[in-house]
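Report on the following structure.
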2 protein chains.
Amino acid sequence: MHLTVSEENYIKAIFHLQEADGTVSTNQLAANIHTKPASVTDMLKKLTSKRLLLYKPYQGVRLSSEGRKLALEIVRKHRLWESFLVDKLQFGWDEVHEVAEELEHISSKKLVDKLDQFLGNPRFDPHGDPIPDSNGVMLSLRQVNLLDLKPHTKAEVCSVGSQSPELLELLKHKQILIGTRLEVQCKFEFDHSLEIQLEGRGNITISQQLAQALFVKTI
Amino acid sequence: MHLTVSEENYIKAIFHLQEADGTVSTNQLAANIHTKPASVTDMLKKLTSKRLLLYKPYQGVRLSSEGRKLALEIVRKHRLWESFLVDKLQFGWDEVHEVAEELEHISSKKLVDKLDQFLGNPRFDPHGDPIPDSNGVMLSLRQVNLLDLKPHTKAEVCSVGSQSPELLELLKHKQILIGTRLEVQCKFEFDHSLEIQLEGRGNITISQQLAQALFVKTI
DNA sequence: AAAATTATTTAGATTTGTCTAAAAATATTT
DNA sequence: AAATATTTTTAGACAAATCTAAATAATTTT
């Protein structure tokens, strides 16, 4: 089954969007992939005819099991390449996403497996996200959204919700990294912001938007 | 200047073909790139309008200095990735070409330079071909075609003329690698074949076609 | 439940890179 | 140098992936 770069990008986007929702709408996809709803409809039809999607017009779309398998291969490649860039080529973890978006479309199965081995079969990428193995099995982290933590719980940052440059800029400024430990001090109903204490440092404020983008495990 | 994969492949093909000829014909390009002459004409017009080619209809084509610069970047990427695959991922030198054909189109300049550094700034790839540096400067080997050697000269294989699977299969069968040492015993006018002695082994026959594909330096 | 709004699909156009068939230019042979 | 053969270009068509504008379906509001 050979897919174009464009087809792969749709499969990947549906995979990520359906994590939350179960089923994905045309408009959601169009926004995510920076294209127009009409273009999405065309592509959904094409991928459905290739048996990669379960799609009923007006009813949203999900990946078929075949589609899910392909999505996991793409995610695996993306996260392995990110690991390579950070661990071997000394990229910053906040500058690898775009390059990995290109590298993830290289098709050689042998390349991916050799790369995996070369990196020591890592289970998580530099952002803390789990890397599927060559059978498409992916560990899931016991991670919760920072927004859902109660006051006085301690936690460790283990992944971020997106790789947008804007988010990464803010994290850099606040000196929050994967592995940073913190304790929620209090929460404010008014704007849903939190005050947290960073281990070894003082208290800082986290906005609702930022908290929503941070996934932690309690410690 | 952003080029599509297809455009880059034309630039690269012209670069390699003009090594020998100086100027490249439409049919030559079509054969090399596995496409039809009519398609080549269209692309030549497009790349000419981007000022990457010097092209007069019916008169063949050459790279402009801008085109040559881009070609060298692509060749650099190709050969660095081949080095990575062989040196780091333990690929055989005869199985890296196709993967490198994909990797060479990844656009990040930073990636290429970091990769170069990671590999220890190699000057030659696993096939013995020189790798241009980040300024597009490429060492040229003092290498001659095996066909041009006189009887009783000793030489060392330092590069092969192509990476076609057929050629690599034959080299594997005859156990000829980069670095293999040999001595030309005699040449036959009739079919332009050579008899050579492989160091530590017996005499074998090299056809005109094979000799033409082997570049050596005398020792 | 009818009207208004929003979401989605259809219809038709555009761009890129390719193709085939035919025409034009160049090269080779007699 | 005329005829023939080869090479190259032009003209017109096609598939992929996108777009805009218009039509249709679904949802929400009143």
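The values are calculated or read from the model by the stated rules, or taken from the named source; none is laboratory data. The model shown is predicted, which means the values in this text are computed figures rather than measured ones. Note that we place each Cβ from the backbone using ideal geometry, even for glycine, and neighbour counts take in every protein chain shown. Areas reflect the complete protein model, heavy atoms only, side chains present, ligands, DNA and RNA absent. Shrake-Rupley method; radii C 1.70, N 1.55, O 1.52, S 1.80 Å.
Each 5 Å bin from zero up to the one holding the largest Cα-Cα distance in chain B carries the following percent of pairs: 1, 6, 13, 16, 16, 15, 13, 9, 5, 2, 0, 0.
Its alpha carbons give the stretch B:5-63 an Rg and a Dmax of 9.9, 26 Å.
Rounded to 0.05, the FRET efficiency of the A:Q197 and A:D87 pair, given R0 = 25 Å and the Cβ-Cβ distance, is 0.25.
Using the Cβ-Cβ distance between B:I219 and B:V137 with R0 set to 22 Å, the FRET efficiency works out to roughly 0.25. Since only A:L29, A:Y58, A:N9 are under comparison, the one whose Cα sits farthest along the positive direction of the charge dipole of the stretch A:5-63, derived from C-beta charges on Lys, Arg, Asp and Glu, is A:Y58. Restriction of the GluC sites (Glu not before Pro) in the stretch A:115-208 to DSSP coil positions whose beta-carbon has at most 16 other beta-carbons within 10 angstrom yields A:E189, A:E199.
Taking a straight Cα-Cα cut-off under 19 Å and skipping sequence neighbours fewer than 8 places away in the same chain, the aspartates and glutamates within cross-link reach of B:K187 are B:D148, B:E156, B:E195, B:E199.
Each listed q (0.25 Å⁻¹) maps to a log10 I(q)/I(0) for the stretch B:88-131, found by the Debye formula over equal Cα scatterers with no solvent: -1.19. Residues of the stretch B:81-107 buried by at least 50 Å² of accessible area upon assembly of all protein chains, compared with the chain on its own (1.4 Å probe): B:L89, B:F91, B:E102, B:I106. Across the stretch A:144-218, the mean sequence separation of Cα contacts (distance under 8 Å, 6 or more residues apart), normalised by length, yields a relative contact order of 44 percent. Between A:A71, A:A31, A:A100, the residue with the greatest mean-square fluctuation in the GNM of chain A (Cα pairs under 10 Å linked by springs) is A:A31. Annotation note: trypsin sites (Lys or Arg not before Pro) in the stretch A:51-122 located in DSSP loop regions with a Cβ neighbour count of at most 13 within 10 Å are A:R51.
Averaged over its residues, the stretch B:5-63 has an accessible area of 58 Å² per residue, based on protein heavy atoms and a 1.4 Å probe.
A point 7 Å from Cα along Cα→Cβ stands in for B:L170, and the other copies hold the same point at 6.3 nm, listed in rising order.
Checking the cross-link pairs A:K50/A:K77; B:K88/B:K114; B:K12/B:K77; A:K69/A:K110; A:K12/A:K36; A:K45/A:K77 against a 19 Å limit on the alpha carbon distance flags A:K50/A:K77; A:K45/A:K77 as lying beyond it.
Out of the chymotrypsin sites (Phe, Trp or Tyr not before Pro) in the stretch A:1-79, which ones are loop residues according to DSSP with at most 16 other C-beta atoms within 10 Å? If you can, show how the numbers build up before the last one.
Details: sites: A:Y10, A:F15, A:Y55, A:Y58; in loops: A:Y58.
Counting only loop positions with at most 16 other Cβ atoms within 10 Å, the chymotrypsin sites (Phe, Trp or Tyr not before Pro) in the stretch A:1-79 are A:Y58.
Taken over the alpha carbons of the stretch B:144-218 as equal point scatterers, the Debye sum produces base-10 log I(q)/I(0) values at 0.14, 0.15, 0.17, 0.26 Å⁻¹ of -0.36, -0.42, -0.55, -1.39.
Mean-square fluctuations from a GNM of chain A, with a 10 angstrom spring cutoff on Cα atoms, peak among A:G128, A:G179, A:G67 at A:G179. Computed over the alpha-carbon pairs of the stretch A:92-219, the distance histogram in 5 Å steps reads 2, 10, 18, 21, 17, 12, 9, 6, 4, 1, 0 percent, short to long. Taking every full run of DSSP H in chain B, none both stretches at least 15 Å from end to end by Cα along its long axis and averages 0.0 or higher on the Kyte-Doolittle scale. If a/c stays under 1.5 just call it rounded; otherwise compare a/b with b/c (prolate if a/b is bigger, oblate if not). Do that for the stretch A:103-173, with a ≥ b ≥ c from the square roots of the Cα gyration tensor eigenvalues. Cα axes put the stretch A:103-173 in the prolate bin. In this entry, the protein assembly as shown is assigned a mean projected area of 27.6 nm², taken as a quarter of its C-alpha convex hull surface. Only Lys, Arg, Asp and Glu carry charge here, each on its Cβ (+1 for the first two, -1 for the last two); on that basis the stretch A:25-168 has a dipole of about 860 debye about its Cα centre.
Restricting to Cα pairs below 8 Å that are 6+ residues apart, what does the relative contact order work out to for chain A? Please round to a whole percent.
Details: 314 pairs, mean separation 32.2, N = 219.
Worked out over chain A, it gives 15 percent.
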